[in-house]
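A short worksheet on the structure shown next.
The values are calculated or read from the model by the stated rules, or taken from the named source; none is laboratory data. Since the structure is predicted, the reported quantities are computational estimates derived from the model, not experimental observations. Glycine also receives a Cβ, built like all others from the backbone with ideal geometry; neighbour counts cover every protein chain displayed. Heavy atoms of the whole protein, side chains included, go into the accessibility calculation; ligands, DNA and RNA do not. Shrake-Rupley method; radii C 1.70, N 1.55, O 1.52, S 1.80 Å.
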Amino acid sequence: MLKSNFAVKRKLLTSQKTLLLFYLVFLQMSYVFAQDMPRVRATIDTLCTPYMGGRGYGRDATDKGERKAAEYLAEKFKKMGLQYFGKDYFQYFKLDVNTHKVVQLKINNKKLVLGQDFILNPISKSGKGNYKIQQLDSNIFDNEEVQKRFLNENISKKVIILNKKEQKKIVDLPIEIVQKIYTAKAILELQDTKLTATIGTKENSNPIFEVKTSAIPKKLKKAKFVVKSDFLKDYQTQNIIGYVRGRVVPDSFLVFSAHYDHLGKMGNIYFPGANDNASGVSMLLELAEFYAKNPPNYSVAFMFFGAEEAGLIGSQYYTENPLFDLKKIKFLTNLDLVGTGDEGATVVNATLFPEEFSILQELDIKGNYLPKITKRGKAANSDHYFFSQKGVKAFFIYTLGGIKAYHDTDDIAKTLPLTRYTQFFALMKDFIKALDKK
Ligand SMILES: [Zn+2]
């Protein structure tokens, strides 16, 4: 932005009326879209580097991506001169989390590619070996004789494979059969659609692989695998919280939140999490940059929550240990997955707070920002949830359209379109301006 601004200035010296007009329009644009896209890109790129390791967990310092990201964010707050509530920007909490240093799988001696052909179910424990693959008898679901036979079978040196249909039907089987299936050396769960990774806060007794049906041969013989898990009990991680002091009513807060953690590493791969949620983090930093220079009437707090992907753990911890009275939050806006926007955005909790939703929608139409804003009811799908459960007015907004990558290795910085990023930013500013008057 700065560079092209200078270019316009230089041309202006050669002076023509049209150029002057162009310059004025340009100035106005740079006022409306105050944030700087190269800086946004740099933030997202940094958060998605291998160094940040998918902002996940590990025993060794090099694997503590969540900590590296937290320090990076606290440093940003410090540079902007944001205030903190305690002795610094960090609020610590603990969680149990399962991690995997080594993940390898071969079927009939063909090496499968981690992240593309298969992923590991996050509750998997360590295991290794080369074992025969066994399919379930198709009659097991409705024939008691077959079930009895299976219970007497020795499968402790077998790998059981389950197709999608069997995975669905398995819940109808007697519990002892289900338990028996999971005593196999390993389980291969076939997936016909895309692989979607998650985080495990428990551990199972053996490895469970989620394998793409298209990646395996027709005739299944043997599965060779190595999984080294490391279950981290009472792992310490953190939320990062800062605020800009309001000019008129500093003890009341407008809050922006975004989770900065993601899925971390799995064997030799990591999940960059560009849309989820480097996009939201970068947006909060841009908003913090703006409000640090333009403090509103109310204070504005910026909350980066940890361990969202592990089950909203950081934000739940915050609502149980708030740094100021939750009643002092005028409104909370949670941003998660805001890197697209071609098809608009969706607002979770819109039906709970129709007044704020109509304000947002009107501002969007007036500013011509997003193609549409759709409403949704309550959902426990991001960090707004425990706030609204405690009676705090809160929205969770995510953008629609563009890329399909989600909880996979394709959610990378390079292909994140940021289609309506500047418009979304402007909408957030307008929304806060409207709420700041209330
Ligand atoms: Zn996520």
Looking at the range 135-155, I want the residues that are farther than 16 Å from Ala184 by Cβ and assigned by TED's automatic domain parsing to the domain that holds Tyr182 and have a partner that is open to solvent by 20 Å² or more (accessible area, probe 1.4 Å) and not in a helix (DSSP H, G or I) with Cβ atoms under 6 Å, at least 6 apart or on another chain. Which pairs are those? Val146/Asp137
Under the condition of being of a type in the set (A, V, I, L, M, F, W, C) and under 20 Å from Pro417 (Cα atoms), which residue from the range 332-372 is nearest to the ligand (Cβ to nearest atom)? Leu337
Of (1) within 30 Å of Val227 (Cα to Cα); (2) at pLDDT below 95, Tyr23 satisfies every one except (1)
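Test Ile123 against the stated conditions and say whether it is open to solvent by 50 Å² or more (accessible area, probe 1.4 Å) and either of a type in the set (A, V, I, L, M, F, W, C) or modelled with pLDDT of 95 or more (or both). Steps first, please.
Details: open to solvent by 50 Å² or more (accessible area, probe 1.4 Å): yes; either of a type in the set (A, V, I, L, M, F, W, C) or modelled with pLDDT of 95 or more (or both): yes.
Yes, satisfied.
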Can you tell me which residues in the range 289-331 are open to solvent by less than 10 Å² (accessible area, probe 1.4 Å) and within 16 Å of Asn239 (Cα to Cα)? Ala301, Phe302, Met303, Phe304, Phe305, Gly306, Ala307, Gly314, Ser315, Tyr318, Thr319
It is to be established whether one or more residues within the range 165-172 are in contact with a strand residue (DSSP E or B) (Cβ under 8 Å, 6 or more places away or on another chain) and modelled with pLDDT under 95. yes
Residues being among the polar types (S, T, N, Q), surrounded by fewer than 14 Cβ atoms within 10 Å (Cβ to Cβ) and touching a residue at least 60 places away in the same chain (Cβ under 8 Å): count how many of those fall in the range 367-393. 1
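Considering only residues of the range 332-366 that are of a type in the set (Gly, Ala, Ser) and surrounded by fewer than 21 Cβ atoms within 10 Å (Cβ to Cβ), which is nearest to the chain's Cα centre (by Cα)? Give the steps one after another, and end with the answer.
Restricting attention to the range 332-366, the residues satisfying the condition of being of a type in the set (Gly, Ala, Ser) are 339, 341, 344-345, 350, 358.
Those left that are additionally surrounded by fewer than 21 Cβ atoms within 10 Å (Cβ to Cβ): 344, 358.
Working: Gly344: 19, Ser358: 27 Å.
Only one residue fits best here, namely Gly344.
Please find, among Gly280, Gly273, the residue that is more than 26 Å from His100 (Cα to Cα) and open to solvent by less than 20 Å² (accessible area, probe 1.4 Å).
Answer to the selection: Gly280.
Test Thr196 against the criterion of being in a strand (DSSP E or B), within 16 Å of the ligand (Cβ to nearest atom) and touching a Phe, Trp or Tyr at 6+ places or on another chain (Cβ under 7 Å), and give yes or no. Explain how you work it out, then say what you get.
Details: in a strand (DSSP E or B): no; within 16 Å of the ligand (Cβ to nearest atom): yes; touching a Phe, Trp or Tyr at 6+ places or on another chain (Cβ under 7 Å): yes.
Here the answer is no, as Thr196 does not meet what is asked.
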Is it true that some residue in the range 414-434 is within 19 Å of the chain's Cα centre (by Cα), over 18 Å from Arg41 (Cβ atoms), away from the ligand (no atom under 15 Å from the Cβ) and open to solvent by less than 10 Å² (accessible area, probe 1.4 Å)? no
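Look at the range 226-245 and say how many of its residues are in contact with a Pro (Cβ under 6 Å, 6 or more places away or on another chain) and either free of Cβ contacts under 8 Å to residues at least 60 places away in the same chain or not assigned by TED's automatic domain parsing to the domain that holds Leu326 (or both).
First, pick out the residues of the range 226-245 that are in contact with a Pro (Cβ under 6 Å, 6 or more places away or on another chain): 227, 244.
Now narrow it down to the ones that are either free of Cβ contacts under 8 Å to residues at least 60 places away in the same chain or not assigned by TED's automatic domain parsing to the domain that holds Leu326 (or both): 227.
Total meeting the criteria: 1.
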Go through Lys94, Lys125, Lys87 for me and flag whichever is free of Cβ contacts under 8 Å to residues at least 24 places away in the same chain and either over 28 Å from Lys194 (Cα atoms) or assigned to a loop (DSSP other than H, G, I, E, B) (or both). Lys87
Name the residues in the range 251-289 that are within 15 Å of Met428 (Cβ to Cβ), part of a strand (DSSP E or B) and more than 16 Å from the ligand (Cβ to nearest atom), would you? Leu254, Val255, Phe256
Starting from residues that are among the hydrophobic types (A, V, I, L, M, F, W, C) and more than 22 Å from the chain's Cα centre (by Cα), keep the ones in the range 210-243 and report whichever is surrounded by the most Cβ atoms within 10 Å (Cβ to Cβ). Ala223
Looking at this structure, is Asn154 surrounded by fewer than 17 Cβ atoms within 10 Å (Cβ to Cβ), under 35 Å from the mean Cα position of the chain (by Cα) and closer than 30 Å to Val102 by Cβ? no
So Phe256 fits all but one of (1) open to solvent by less than 30 Å² (accessible area, probe 1.4 Å); (2) in contact with an Asp or Glu (Cβ under 9 Å, 6 or more places away or on another chain); what number is the exception? (2)
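For the range 345-363, how many residues are closer than 23 Å to Asp276 by Cβ and either touching a residue at least 60 places away in the same chain (Cβ under 8 Å) or not assigned by TED's automatic domain parsing to the domain that holds Asn334 (or both)?
Step one: filter the range 345-363 for residues closer than 23 Å to Asp276 by Cβ, giving 345-350, 360.
The next check asks that each one be either touching a residue at least 60 places away in the same chain (Cβ under 8 Å) or not assigned by TED's automatic domain parsing to the domain that holds Asn334 (or both); those that pass are 345, 360.
The number of residues fulfilling the criteria is 2.
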